[in-house]
Each structure stands twice: as structure tokens, then as C-alpha cells.
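Visitor: Before I ask anything, here is the structure I am working with.
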Amino acid sequence: MLFLCLVFALLGLLLGFAHKKLKIKNDPLVEQINNLLPQTQCGQCNYIGCRPYAEAIAKNEADINQCPPNGEAGIIALANLLGKEAKPLNPEFGEQKAPAVAFIIEQDCIGCVKCIPPCPVDAILGAAKQMHTVIASECTGCELCISPCPVDCIIMRPIEKTANHWQWTQDV
Amino acid sequence: MFNFFWRKKKSTFTGGIILDGHKQVTKINTPQLPKELIYPLFLTSDRYTKACVKVGDYVKKGQVIAIADSLLSTPIHAASSGIISSIEKRLIAHPSGLADDCIILQTDGLDSALEAEPCLDYRQQSRDFLRKKIHQAGIVGLGGAAFPTAKKLSGSPAIHTLIINAAECEPYISCDESLAIASAKEIIQGSLIIQHILQASLCIIAIEDSKPDAYLALLFAAKETDIKIQKVPSIYPTGGEKQLIQVLSGEQIPPQKLVFEYGYICQNIATSFAVYQAVLLGIPLTERVITVTGAGIKQAQNIQAKIGTPIKDLVQFCQGYTEHAQQLIMGGPMMGIALASDEIAVIKASNCLLIEPIKASAIQPCIRCGDCAKVCPSELLPQQLYWYSRSQQWDNCTDYNLADCIECGCCDVVCPSKIPLVQSFRIAKSEISQQQKQAEQAALAKKRFENQQQRKLRIEQEKAVLLEKRKATIEKMKAAAAQRKLN
């Protein structure tokens, strides 16, 4: 009897120790959900970035159809991961658009730097009273820089269809 | 000894089909100089060149007009002398049928060339020097895939066997065969240079047994060297890299592995010839032999064409189209791509132009006969892959080794329901690679966003610390002032 108590106590201690030592800091589900999100950090889902939205989905606070850039395929992927039923994109949060990147009309830019802090991926290059430009390869097309611009010199340009981006399709 | 070794291990690959040759081996004819040469700056996926000439510049034959932006890309040389008339968007030889930036060269008819820099004794030169020379000459694999040769010859891990691929197994194409008959000696020289660069102990030229003239020409030219000329059975696609290695050595390269990891390298025979020209004569790659053939052309023949020549000029040289000309294919009937117009120019990868009537046939549902699996040279299950790609199950496609499909088209030929299987595999492959690209882009954006968040947090913390410090100093000063008042 005493021996058994001792063994259980030891096992209990071991479990407690393992819990402390091997605790996973990040919720793995949040990480998995976040990996399925497009990382545009555009905030169209009403959260301030992709990770907060992933956290909200994990906590069942947000639905899976609030991410317009992710589109239908993304909703299906989320539904498969979470064992939920796929549903159409909620139009309240916007529509899925063709991929585009921001472009600064350089002769109109006054160098006010107002567009630089909102950019979630530091894709805008510029300094006060200097002309700014967008690094197109880093831009996620989140459109967060459009509204802060006082002279409306930032436009969204659809990504040009080139032979390099071209994909085989059924009708060729 | 080696002879015995190879004969003993001689085997064949699974699958494959025997096709009608339709090969008309003519001597290589040279057409007149085209008025205009067109050079696309886009090579293949993710590989670009950058124009280094301006509109109005006068260039000579052999002059670099576009430079490589990485080792995976190769420079472009002018094939004749003349003036750069424009750099504009033109249709390019690509399955997309899209236009892309091209350098347009108006030839002046003089064909004056830059002075060549030959390197007579290549054995005295370092292997790096020779690789650089090959890269600067703009040489790519001329079998159709156009992979940069210098990159392929980088020589690590160690290569024990160099295979010069002269199998040319696809019907209609006969450019390599006619080149082997006409320039066997030069090909042997080029092969020796490549063997020297790789330090490979063995060099084999593999040629189909249906090409006796070319076989004899090569055999005669190679008699004083260690190069082996080996006949391979005429089964399509024996010219595939892995298939050829299996036929020659009996060794099967596993799926998703590359042949150089196992000590083999395959080079096309025309590439060998280009290496000879680049190293021993100092001439960059500006011309290639191309087969113009099919029921839609009046006089099928092999042509020594300048790279950049518009296809319509070659058609004119072949006496024009017949009434059967309905589609234009670059490459052979099995693996070629349809081109939208004959305004498009010949590129380094163009080994054949096939002008054919369209053979339309109604697609029937799959009856699961399994014939496609029997002929697949990569030992895949085309029928299973077809279902997975149709239902967009990309993960399953990858698990069933879709990446190993060489798009040879054997399954298309034997399918009794006439299902365009290769087409659906191409769609699946490009979708999978697109998804990979998007995932990479998302990972990059995520990392940049997280870095920014961390930076903002750090700045906040630093501000807070600074504020604390200031508060403390103010407190101190206040206390000191109070002390002074008291005193």
C-alpha cells in the first residue's frame, strides 16, 4: 500500500515536471490556422493581422469565412483542418480580388511618410520630403497604405500576366 | 573490359512504345540571312536575361546583346551584324502564347563577326576557365530543355559517367542525326572537352539502332579515343535521361532523385558540338540545326538556322505550306508545344518545327483499362494521377510522384478513350508549383510582419525605459532642490 502510494506520488511529480518542462508555448492549432492564412496582414477580417484572426478562429470567436484574400480554396482548407463545414465567403468583409500590388505615382508623391507606418511588411521605401516607392516583390496587396495618403498618389496595379507567371489550363 | 561490362548489363526500361519514325534525314541546308532577328529576354521559368544594348546600337555577329542575371540564365549573342531597331513586346516561343520583351535586330547583310577567341589546348586550362567559357558562349542543353550547360557541368558530386545523348527517339526529328553525320569529329572533340571538365572516367555516346549512318560516322570519328559509341533500342522514350541510363547501365535512378546524384550526366549531342565551337573555335552559340517537317510543309529538311530567325522565314525556305498546314508545333509530335503564329522566332531550345493537320478526336470517359500504366517509362500510374488531378487532389498527385512524369506522351498515344492525360498532368504540375510559390511568398510576408512587430515592441520598451530614467532624474533633481531649500 505504502509502496503504491510512493509510486503514484513519484509519477505525479514526474507528470508535473513534464508539464512545466515540455509545455508548448504557442498553441499549435493557432499556428496551423495561421499557416493557412495568406499573411497579407490586411485586417479585412476585422482583426489587426493574420495571427490575431487565427487566434480568434481557434477560440471559436470568429468564423472561417472572413478572409477575402484567402478565397474559397482557403476556406475549404480551414474547414478541412477544423472539421467544419465549408461556407461561402462572408461579403461583409469584402470580396476576393485579383492579386495586385501598390504603386506610388512618383511625380505626385510629396514625401509625407504617412504611408510608411501602416505597411505591415515594410514594403514602402522613403524618407521625409523624399519621394517614396513600393518594393513590388514584398508588397502583399493589403491596401492599408491607400487611405493614409493625403494626395491619393498610391494606386493598386494588378500583377501583370507574363509568360513566367502563366499556368497550364484546361482549354489550351 | 568496359565493353564487356556494358554488354553484360545492357537492359531496357519498363514501358515505352515503338513509333513510326517519319524521319527524313537530309543534309543540313543554310537559308539566306533573315532581315530581322528576334531575341526574347525571357528564357524559361524564372530565368531572365537583361538587355545590354540600346535601340540604335550597331552590333556585330557574336556580340553579347543580353547578359545573364544569374548562373541559371545564359547570355544571348547576336547571330549577325546589324542595328538594334527596337526592344519591344513580341510573341515568344512559349506555350502561354503571350508576348514578352524581345530585342529586335535589323541585319545589314554584311554578317561581319567579332574576332573569335579560340582556346586551342583546352587541357592546359583550368576546369573553371572552361566552364566560364561555356557559360559566356551562352550554351544551353540543345535537346529541348535548354538547361544552362555550365551549371550542369559544375561537377559536384563526382561524375563517373558522361552520356552524350544522340538517341533522338521522338518521331520526325532528325537534326541530331544529320549533325552527327556531318560533324562527327567535332562532336567527339566537344565530348572530350566535357569529359575533361567533369573528369569522368567513362564517356558513352548513345544512339538509336535505327540510325546506322550516324552510328558509323561517330564510330569512325571516335576510333582513336576512349569514347564508346553504344547502340540503344529504338523504343520511345529511350532518350529520356533516366531511361537512357537504365538502358546503358542497368541502374535505375529512384523517383524524385536527380541523375547527377548517382554520378551520371547526360548531354545532348548538339550541345557537345556547341561546346566544341565555343572552346576550340571561340564561337558563341548563335546557330543550331533545326528540323522543319510534317505534312504541312512542302520540302521537309534540316536547316542550319540562326537563333532568332522568324519561323516564317524558315517556312519560306522550305517552299511554303501545303494545304495540310493547320497547326505549328515546336518540338516533336509527342512533347512539342503548339505555337500561335509563325512570326515567332527560333530559340535555342527549338530542335524541330512540325507543321501538321489537326487530328481532333472525341474524348471518351476513362474505362480504367490500365494501358497507360503499362507504357509509362517512369513506372507511374497515369490513370490514378489523372483522377487526382481532375479532382484537384494535389497532395495525392505529389504522393504518387507526379513530379517524376517526363511528359513523354506515351499514355496519350495508347489511351483508347483519347484522354489528354499529359495535359492534365501539366495543369497539376503548374498548379502545385504555383501553390508552392504562394506559400513561399506568404512565409516571407509573415516573417517581415513578425520582424516589424518585434521592432515596434522593442521601440516601445526602449521608450518606456527612457521615460523611467527621465522620471528618476527629475525626482532626483526635485529631491536635491528640496534639500537645498531646507539647507
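Visitor: So how many residues does the stretch B:367-392 have that are on the phi > 0 side of the Ramachandran plot and either hydroxyl-bearing (Ser, Thr, Tyr) or free of Cβ contacts under 8 Å to residues at least 60 places away in the same chain (or both)?
Guide: Taking the stretch B:367-392 as the starting set, the residues that turn out to be on the phi > 0 side of the Ramachandran plot are B:368, B:370, B:379, B:392.
From the residues that got through so far, the ones that are either hydroxyl-bearing (Ser, Thr, Tyr) or free of Cβ contacts under 8 Å to residues at least 60 places away in the same chain (or both) too are B:368, B:370, B:392.
Final tally of qualifying residues: 3.
Visitor: Just to verify a result, which residue in the stretch A:107-124, among those that are surrounded by 21 or more Cβ atoms within 10 Å (Cβ to Cβ) and part of a loop (DSSP other than H, G, I, E, B), is farthest from the other protein chains (Cβ to nearest Cβ)? Can you show your working first?
Guide: Here is the first cut: in the stretch A:107-124, the residues surrounded by 21 or more Cβ atoms within 10 Å (Cβ to Cβ) are A:115, A:119-121, A:123-124.
Retained after the next criterion (residues that are part of a loop (DSSP other than H, G, I, E, B)): A:115, A:119-121, A:123.
Values: A:Cys115: 14, A:Cys119: 8, A:Pro120: 5, A:Val121: 4, A:Ala123: 8 Å.
Applying the filter and picking the extreme gives A:Cys115.
Visitor: Then there's this: Name the one entry in A:Cys67, A:Cys5, A:Cys42 that is modelled with pLDDT of 90 or more, of a type outside the set (Phe, Trp, Tyr) and in a loop (DSSP other than H, G, I, E, B). Steps first, answer last, please.
Guide: Numbers: A:Cys5 fails: in a loop (DSSP other than H, G, I, E, B); A:Cys42 fails: modelled with pLDDT of 90 or more.
Checking each option against the conditions leaves just A:Cys67.
Visitor: Let me ask something else. With the condition being under 25 Å from B:Ile139 (Cα atoms) and not aliphatic (A, V, I, L, M), I'd like the strands (runs of 3 or more DSSP E) fully within the stretch B:320-386 carrying at least 1 qualifying residues. Steps first, answer last, please.
Guide: Numbers: elements: B:327-330, B:337-339, B:352-356.
Per the criteria, B:352-356.
Visitor: Ok, one more. Answer yes or no: is there a residue in the stretch B:105-123 that is in a strand (DSSP E or B), over 27 Å from B:Leu179 (Cβ atoms) and within 14 Å of chain A (Cβ to nearest Cβ).
Guide: To start, the set of residues in the stretch B:105-123 that are in a strand (DSSP E or B) comprises B:105-107, B:113.
Now narrow it down to the ones that are over 27 Å from B:Leu179 (Cβ atoms): B:106.
From the residues that got through so far, the ones that are within 14 Å of chain A (Cβ to nearest Cβ) too are none.
Taking every residue of the stretch B:105-123 in turn, none turns out to be in a strand (DSSP E or B), over 27 Å from B:Leu179 (Cβ atoms) and within 14 Å of chain A (Cβ to nearest Cβ).
Visitor: Being assigned by TED's automatic domain parsing to the domain that holds A:Pro91, assigned to a helix (DSSP H, G or I) and of a type in the set (Val, Ile, Thr) narrows it down to one of A:Ile48, A:Ile76, so name that one.
Guide: On the way: A:Ile48 fails: assigned to a helix (DSSP H, G or I).
From the options A:Ile48, A:Ile76, the qualifying one is A:Ile76.
Visitor: Sticking with this one: Can you tell me which residue in the stretch A:150-171 is nearest to B:Arg47 (Cα to Cα), limited to those that are more than 14 Å from every other protein chain (Cβ to nearest Cβ) and within 23 Å of the chain's Cα centre (by Cα)?
Guide: Ranking the candidates gives A:Pro158 first.
Visitor: If you scan the stretch A:27-53, which residues turn out to be under 16 Å from B:Ala443 (Cβ atoms) and surrounded by fewer than 16 Cβ atoms within 10 Å (Cβ to Cβ)? Give the derivation first.
Guide: Residues of the stretch A:27-53 under 16 Å from B:Ala443 (Cβ atoms): A:31-41, A:49-51.
If the condition is that a residue be under 16 Å from B:Ala443 (Cβ atoms) and surrounded by fewer than 16 Cβ atoms within 10 Å (Cβ to Cβ), then A:Glu31, A:Gln32 are the ones that fit.
Visitor: Residues of the stretch A:21-51 being under 18 Å from A:Glu92 (Cβ atoms) and either more than 12 Å from chain B (Cβ to nearest Cβ) or free of Cβ contacts under 8 Å to residues at least 24 places away in the same chain (or both), which ones?
Guide: Of everything in the stretch A:21-51, those that are under 18 Å from A:Glu92 (Cβ atoms) and either more than 12 Å from chain B (Cβ to nearest Cβ) or free of Cβ contacts under 8 Å to residues at least 24 places away in the same chain (or both) turn out to be A:Gln44, A:Cys45, A:Asn46, A:Tyr47, A:Ile48.
Visitor: Would you call B:Gly97 part of a loop (DSSP other than H, G, I, E, B), surrounded by 14 or more Cβ atoms within 10 Å (Cβ to Cβ), in contact with a Leu (Cβ under 8 Å, 6 or more places away or on another chain) and within 14 Å of another protein chain (Cβ to nearest Cβ)? Walk me through it before giving the result.
Guide: Details: part of a loop (DSSP other than H, G, I, E, B): yes; surrounded by 14 or more Cβ atoms within 10 Å (Cβ to Cβ): yes; in contact with a Leu (Cβ under 8 Å, 6 or more places away or on another chain): yes; within 14 Å of another protein chain (Cβ to nearest Cβ): yes.
In short, yes.
Visitor: Determine if the stretch B:393-406 includes at least one residue that is assigned to a loop (DSSP other than H, G, I, E, B), in contact (Cβ under 8 Å) with a residue 24 or more places away in the chain and surrounded by fewer than 15 Cβ atoms within 10 Å (Cβ to Cβ).
Guide: In the first step, residues of the stretch B:393-406 are kept if they are assigned to a loop (DSSP other than H, G, I, E, B); the result is B:393, B:400-401, B:405-406.
Of the ones still in play, those that are also in contact (Cβ under 8 Å) with a residue 24 or more places away in the chain are B:401, B:405-406.
With surrounded by fewer than 15 Cβ atoms within 10 Å (Cβ to Cβ) added as a condition, the list becomes none.
No, the stretch B:393-406 contains no residue that is assigned to a loop (DSSP other than H, G, I, E, B), in contact (Cβ under 8 Å) with a residue 24 or more places away in the chain and surrounded by fewer than 15 Cβ atoms within 10 Å (Cβ to Cβ).
Visitor: Ok, one more. Suppose we filter B:Pro255, B:Pro212, B:Pro237 for residues that are at pLDDT 90 or above and surrounded by fewer than 20 Cβ atoms within 10 Å (Cβ to Cβ); which single one remains? Please lay out each step first, then the result.
Guide: Values: B:Pro255 fails: at pLDDT 90 or above; B:Pro237 fails: surrounded by fewer than 20 Cβ atoms within 10 Å (Cβ to Cβ).
None of the others qualify; the one that does is B:Pro212.
Visitor: Something else about it: Of all the residues that make up the stretch B:79-136, how many are touching a Ser or Thr at 6+ places or on another chain (Cβ under 7 Å), among the small types (Gly, Ala, Ser) and touching a residue at least 40 places away in the same chain (Cβ under 8 Å)?
Guide: The qualifying residues number 5.
Visitor: Please give the number of the condition B:Ile269 fails out of (1) surrounded by 19 or more Cβ atoms within 10 Å (Cβ to Cβ); (2) under 18 Å from the mean Cα position of the chain (by Cα); (3) more than 30 Å from B:Ile205 (Cα to Cα).
Guide: Condition not satisfied by B:Ile269: (3).
Visitor: Working only within the stretch B:193-223, note down all residues that are assigned to a helix (DSSP H, G or I) and either closer than 15 Å to B:Ser272 by Cβ or of a type in the set (Phe, Trp, Tyr) (or both). Reasoning before the result, please.
Guide: Taking the stretch B:193-223 and keeping what is assigned to a helix (DSSP H, G or I), we get B:193-198, B:212-221.
Listed by number, the residues that qualify are B:Ile193, B:Ile194, B:Gln195, B:His196, B:Ile197, B:Leu198, B:Ala214, B:Tyr215, B:Ala217, B:Leu218, B:Phe220, B:Ala221.
Visitor: OK, next. If you go through the stretch B:397-430 one residue at a time, how many are within 20 Å of B:Pro255 (Cβ to Cβ) and within 14 Å of another protein chain (Cβ to nearest Cβ)? First the steps, then the outcome.
Guide: Step one: of the stretch B:397-430, the residues within 20 Å of B:Pro255 (Cβ to Cβ) are B:397-411, B:421-422, B:424-426, B:428-430.
Imposing the further condition that a residue be within 14 Å of another protein chain (Cβ to nearest Cβ) reduces the set to B:397, B:402, B:405, B:407, B:421-422, B:424-426, B:428-430.
The total comes to 12.
Visitor: Is it the case, given these coordinates, that B:Ile265 is assigned to a strand (DSSP E or B), more than 19 Å from B:Ile18 (Cα to Cα) and modelled with pLDDT of 90 or more?
Guide: yes
Visitor: Go through the stretch B:18-87 and tell me which strands (runs of 3 or more DSSP E), entirely inside it, have 1 or more residues that are within 14 Å of another protein chain (Cβ to nearest Cβ) and more than 24 Å from B:Gln301 (Cβ to Cβ). Walk me through how you get there before you give the answer.
Guide: Values: elements: B:36-40, B:49-51, B:64-68.
Once the strands (runs of 3 or more DSSP E) in the stretch B:18-87 are filtered for at least 1 residues that are within 14 Å of another protein chain (Cβ to nearest Cβ) and more than 24 Å from B:Gln301 (Cβ to Cβ), what remains is B:36-40, B:49-51.
Visitor: Within the stretch B:166-185, is there a residue that is in a strand (DSSP E or B), crowded, with 23+ Cβ neighbours inside 10 Å and of a type outside the set (Val, Ile, Thr)?
Guide: To start, the set of residues in the stretch B:166-185 that are in a strand (DSSP E or B) comprises B:166.
Remaining after also requiring crowded, with 23+ Cβ neighbours inside 10 Å: B:166.
Now restrict to residues that are of a type outside the set (Val, Ile, Thr): B:166.
Within the stretch B:166-185, one or more residues are in a strand (DSSP E or B), crowded, with 23+ Cβ neighbours inside 10 Å and of a type outside the set (Val, Ile, Thr).
Visitor: For the list (1) at negative phi; (2) in contact (Cβ under 8 Å) with a residue 60 or more places away in the chain; (3) more than 10 Å from chain B (Cβ to nearest Cβ), I need the number of the one condition that A:Ala127 fails.
Guide: With respect to (1) at negative phi; (2) in contact (Cβ under 8 Å) with a residue 60 or more places away in the chain; (3) more than 10 Å from chain B (Cβ to nearest Cβ), A:Ala127 is out only on (2).
Visitor: Could you check A:Glu61 against (1) within 28 Å of B:Glu431 (Cα to Cα); (2) in a loop (DSSP other than H, G, I, E, B) and say which number it fails?
Guide: Here A:Glu61 meets the rest and fails (1).
Visitor: Given the condition farther than 28 Å from B:Asp100 by Cα, of a type in the set (S, T, N, Q) and assigned to a loop (DSSP other than H, G, I, E, B), answer yes or no: does some residue in the stretch A:139-151 qualify?
Guide: yes
Visitor: Starting from the stretch B:433-449, keep only residues that are at the interface with another protein chain (Cβ under 7 Å from one of its Cβ atoms), then list their pairs with residues that are in a helix (DSSP H, G or I) and surrounded by fewer than 19 Cβ atoms within 10 Å (Cβ to Cβ) whose Cβ atoms are within a distance under 9 Å, requiring at least 6 positions of separation or different chains.
Guide: B:Ala442/A:Asn35; B:Lys446/A:Asn35
Visitor: Here's a check for you: in the stretch A:79-106, which residue that is outside any helix (DSSP H, G or I) and among the aliphatic types (A, V, I, L, M) is nearest to the other protein chains (Cβ to nearest Cβ)? Quick ask: steps written out before the conclusion?
Guide: Going residue by residue through the stretch A:79-106, those that are outside any helix (DSSP H, G or I) are A:83-90, A:94-105.
Of the ones still in play, those that are also among the aliphatic types (A, V, I, L, M) are A:86, A:89, A:98, A:100-102, A:104-105.
On the way: A:Ala86: 14, A:Leu89: 18, A:Ala98: 14, A:Ala100: 14, A:Val101: 11, A:Ala102: 14, A:Ile104: 19, A:Ile105: 23 Å.
Here the residue is A:Val101.
Visitor: Here are A:Ala18, A:Ala56, A:Ala9: which of them is more than 14 Å from chain B (Cβ to nearest Cβ), surrounded by 14 or more Cβ atoms within 10 Å (Cβ to Cβ) and out of contact with any Asp or Glu (no Cβ under 6 Å at 6 or more places or on another chain)? So that I can check it myself, show each step before the final result.
Guide: Values: A:Ala18 fails: surrounded by 14 or more Cβ atoms within 10 Å (Cβ to Cβ); A:Ala9 fails: surrounded by 14 or more Cβ atoms within 10 Å (Cβ to Cβ).
Matching residue, one of A:Ala18, A:Ala56, A:Ala9: A:Ala56.
The values are calculated or read from the model by the stated rules, or taken from the named source; none is laboratory data. Predicted model, so just to flag it, every value in this text is computed and none were measured. No Cβ is skipped: glycine too gets one built from the backbone with ideal geometry, and neighbour counts run over all protein chains shown.
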